[in-house]
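The values are calculated or read from the model by the stated rules, or taken from the named source; none is laboratory data. Just so it is clear, the structure is predicted and the values come from calculations on it, not from any experiment. Here the Cβ positions follow ideal geometry from the backbone for every residue, glycine too, while neighbour counts run over all protein chains shown. Ligands, DNA and RNA are stripped out before the accessible areas are found, and what is left, the full protein with its side chains, is counted by its heavy atoms. Shrake-Rupley method; radii C 1.70, N 1.55, O 1.52, S 1.80 Å.
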There are 2 protein chains.
Amino acid sequence: MRLSRYFLPVLKEDPKEAQIVSHRLMLRAGMVKQQAAGIYSWLPLGFKVLKRIEDIVHQEQQRAGHIPLLMPTLQSADLWRESGRYEAYGEEMLRITDRHKRDLLYGPTNEEMITDIFRSGVTSYRDLPMTLYHIQWKFRDEVRPRFGVMRGREFLMKDGYNFDLTREDALHAYNRHLVSYLRTYERMGLQAIPMRADSGPIGGEDTHEFLVLAETGESEVFYDSAITDLTFGDREIDYDDVEQCQAVMNEFTSRYARTDETHDEAVFAEIPEDRRRSARGIEVGQIFYFGTKYSEPMGATVVGPDGKKVPVHMGSHGIGVSRLVGAIIEASHDDKGIIWPEGVTPFHVGIVNLKQGDGSTDSSCEAIYAELKARGMDPLYDDRDERAGAKFATMDLIGLPWRITVGPRGLANNKVELTSRRTGESEEMSPKEAIARLEKIYRPVRDAGLDTGAGVAR
Amino acid sequence: MRLSRYFLPVLKEDPKEAQIVSHRLMLRAGMVKQQAAGIYSWLPLGFKVLKRIEDIVHQEQQRAGHIPLLMPTLQSADLWRESGRYEAYGEEMLRITDRHKRDLLYGPTNEEMITDIFRSGVTSYRDLPMTLYHIQWKFRDEVRPRFGVMRGREFLMKDGYNFDLTREDALHAYNRHLVSYLRTYERMGLQAIPMRADSGPIGGEDTHEFLVLAETGESEVFYDSAITDLTFGDREIDYDDVEQCQAVMNEFTSRYARTDETHDEAVFAEIPEDRRRSARGIEVGQIFYFGTKYSEPMGATVVGPDGKKVPVHMGSHGIGVSRLVGAIIEASHDDKGIIWPEGVTPFHVGIVNLKQGDGSTDSSCEAIYAELKARGMDPLYDDRDERAGAKFATMDLIGLPWRITVGPRGLANNKVELTSRRTGESEEMSPKEAIARLEKIYRPVRDAGLDTGAGVAR
């Protein structure tokens, strides 16, 4: 993309309404615009990041064998009356009446609807195990929406639902989600720690939240510092392998890590003092096992091997897709702006032309731009007639992890500068070397999505 | 995907509520499930088609230089009071009150919001031309929703908006959209004819609808049969080239083609009688030029080259993404089921194992399945323990354009059968030849999306 033809309305001043850094930077970098309290437009740069995150979530869900579909944003109130949650849900549910005076609602979550889909399409245990998921906009009418997309009212969420014959199978589905989530967050450059949590209005006996440590987090968390040494890495997982998934679950939940809702001072005190940590965390996902809580009242049964109808065991599993954009910024920024991890950056590299209009720098920039695109990379070329300082400031603010700087002095020796946004370090090299270096840097990002079956031939 | 692990709730009986073939086939093929009047869940097979269509639209919009963003589904009523449309819109607008008694609405279209985004981010003519678009769910509270996704209430639409300094530039944007739409529909295997239409509540002086001819179409159309000979083909277009886009516009609108709203019997009568056609059509898109209708009341101005503020010239341009799924089926089916064009088919090929459980057919099917995936294709392997007849019926119903049939008798001679869904013709060949043939068939589909800049490295 050429910046001269893009829509990137960056702000020079800090917006007054932003209380936390991700909100401030998303507004300054022209990523979002508020349209009403807690309701945002995703401007082009923000939309690109949102899409990258969404694609990673799709790929990892499908790698784990989960099946995508798409439920609508509006739901019939009748469905929620079946589960008993229509009255129970409270004011956070946005209730709507259509022209024929029928009660609708803007879905805050989809347990009822997915159970309805399941019960009308599946009758035999032979079709299990099954996990269905979607990525769709939700609405929760928060009393005080704030912190930008971190606590918005209209938000994008991945929510998945497993259907299993037995409690044991459902617990494997629970573990499978935990494993796939670890991998998902790591691809986004995030460490998200699974912590024992409280199940709230979803209900159920077992639940873990995934938290990203950040000063601005809304939750107080307590953990054994040994847990932050764990990484998922590029281990091969067979998601059908019960023991393998259980082993990952055990590994990542064997250390103390809890939100304040389930925190137990006595157990915490058993950890060696130098490893006891209390901090703040941002919740970016949650998994639940709730058994037959919805299948029983809603009649979602299958005929088991013995010919008897039994209600299925279910769980639900969410990832806060739009919230992740904010969470990643909270975890990765400096005083100049955002620092995107390579896995989610809106553009892979920025090209800064130090002397726009100069025949030699222009043609060199064009050649680099074309070659990067030919190799499947997504560059942003700042081809505006602006001072170098302004171009650097914009690149730093929007946080592209790499920058190629092209000026007449370097070009005289066939050199450009490749700069890391994270370290600030620059290195001189030929344009050809810079392109090869970037290709190498982004190869793992590209490869990570290739074998997932998602987005094939799109 | 293995069918044994998929969620494909096909129906054996014709559902009573379906009045038109696309609705009937979408229900029977397990593509959608109605959740409330005119509100549908997109089950896995339907979701895949929806995504393919969405991807083509994204790619062709970005090829034309249009910039994606994403506006929310809910909007503030205040914005619509500025343009005067809040009161004018009528009962089709779903009006909502939140917990703080603020007026919201579920966006039926986005002229106001995009104008708001533009005016707060752009101040100079130097940032023009600019076209912003999104693909987002909309809601129109139809009195009588019917025909499945063809006339739903919650529907997915691509709507794009151009911002230009002059009327002349905006008319180029109009032409550019026409060209990109022709290309978009052809990639979906559709002939959509641009017809002079009426602008309705959007307003404006110039508008064309794109119509797919089909008996079940809601519009009566009149045209010169010579227009159906035109194809866009794989011509190279420079979307910045005013004359080139104008030439395409002239070519595709020089023949008489109008909806009943603008039909003129006198002009129609001038066409040679044997070329005069009246038929029915399904509207799958519409482009508008409406000048300063929104920019003037809403203060969307830029400073022009002469230093004076002028309101921008705008147009809006829509493609009915979810409706297209139905329209494609209306245009492409037979009495056995759907016949997907290669460009949008949910799976590229079905593999039918005639003797599930037989070591030789199983391993041959597995090898074909793996090899197709390795080559970037998306096969559906019917690995269920079912009769051949049932497997064929399912494949015919869901409409995959190609089927590979693997049985012990053929395999003895290293042969499988490759069958075209459209012609019903089968050909015996080795598994290797079948794979090579499919790769060749799908190469244009894959290549069509490669150079668009959309979805790079996703």
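Values as computed for the structure displayed
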{"read-out": "Inter-copy separations for residue A:16, label at 7 Å along Cα-Cβ, nm, ascending", "value": "6.3"}
{"read-out": "Farthest toward positive dipole pole in region A:3-338 [+1 Lys/Arg, -1 Asp/Glu at C-beta], among A:263, A:8, A:237", "value": "A:8"}
{"read-out": "Summed buried accessible area for B+A [probe radius 1.4 Å, Å², rounded to 100]", "value": "5800"}
{"read-out": "Selection from B:247, B:110, B:226, by position along the positive dipole direction of region B:3-338 (Cβ)", "value": "B:110"}
{"read-out": "Trypsin sites (Lys or Arg not before Pro) restricted to DSSP loop in region B:50-138 with at most 13 other C-beta within 10 Å", "value": "B:101, B:102"}
{"read-out": "For region A:3-338: rounded, prolate or oblate by the Cα gyration tensor [a/c cutoff 1.5]", "value": "oblate"}
{"read-out": "Distances in nm from residue B:278 to the matching label points in the other copies, shortest first (labels 7 Å along Cα to Cβ)", "value": "8.1"}
{"read-out": "Neighbouring partner chain Cβ atoms per residue of A:98-106, average, 10 Å criterion", "value": "5"}
{"read-out": "Relative contact order computed over region B:121-228 (Cα-Cα under 8 Å; 6+ residues apart), in percent", "value": "18"}
{"read-out": "Per-residue mean of C-beta atoms belonging to partner chains within 10 Å, peptide A:44-53", "value": "3"}
{"read-out": "Counting DSSP beta bridges with both ends in region B:315-450, the antiparallel % (nearest 5)", "value": "55"}
{"read-out": "Assigned charges on the beta-carbon of Lys, Arg, Asp, Glu; the protein assembly as shown dipole about Cα centre (debye)", "value": "100"}
{"read-out": "Partner lysines for residue A:309 [C-alpha distance under 19 Å; skip if fewer than 8 residues away on the same chain]", "value": "A:293"}
{"read-out": "Heavy-atom SASA rank of A:143, B:221 (probe 1.4 Å, accessible area, largest first)", "value": "A:143, B:221"}
{"read-out": "Mean separation of Cα contacts under 8 Å, 6 or more apart, over the residue count of region A:349-449: relative contact order %", "value": "28"}
{"read-out": "Those chymotrypsin sites (Phe, Trp or Tyr not before Pro) in region B:227-291 that DSSP places in a loop and that have at most 15 other beta carbons within 10 Å", "value": "none"}
{"read-out": "Inter-centroid distance (Cα atoms) of region B:32-84 relative to region A:35-66, Å", "value": "14"}
{"read-out": "Accessible area of the protein assembly as shown belonging to carbon and sulfur atoms, whole % at 1.4 Å probe", "value": "45"}
{"read-out": "Per DSSP, loop GluC sites (Glu not before Pro) in region B:370-458 with at most 14 further Cβ within 10 Å", "value": "B:425"}
{"read-out": "Cα-based shape type of the protein assembly as shown, given that a ≥ b ≥ c are square roots of the gyration tensor eigenvalues and the cut on a/c is 1.5", "value": "rounded"}
{"read-out": "FRET efficiency, 1/(1 + (r/R0)^6) with R0 30 Å, evaluated for residue B:334 and residue B:387 via beta carbons", "value": "0.85"}
{"read-out": "Mean Cβ neighbour count within 10 Å, used as a protection proxy, ranking B:335-342, B:387-394 highest first", "value": "B:335-342, B:387-394"}
{"read-out": "Region B:391-455 and region A:127-199: distance between their alpha carbon centers, rounded to Å", "value": "37"}
{"read-out": "Rounded to the nearest 20 debye, dipole of region A:349-449 from Cβ charges on Lys, Arg, Asp, Glu", "value": "240"}
{"read-out": "Point-charge dipole on Cβ atoms (K/R +1, D/E -1) for chain B, about Cα centre, debye to 20", "value": "1740"}
{"read-out": "Two-site FRET efficiency, residue B:120 against residue A:446, from Cβ-Cβ distance with R₀ of 45 Å, rounded to 0.05", "value": "0.80"}
{"read-out": "Label point distance in nm, residue A:230-residue B:16, each placed 7 Å from Cα along Cα→Cβ", "value": "5.5"}
{"read-out": "Signed unit charges on C-beta, dipole axis of chain A, positive-most listed residue A:303, A:39, A:406", "value": "A:406"}
{"read-out": "Average beta carbon contacts from partner chains per residue of A:120-127, 10 Å cutoff", "value": "3"}
{"read-out": "For region B:3-338: relative contact order, % (alpha-carbon pairs under 8 angstrom, 6 or more apart)", "value": "21"}
{"read-out": "Nm distances between copies for residue B:375, ranked from closest, using label points 7 Å along Cα→Cβ", "value": "2.9"}
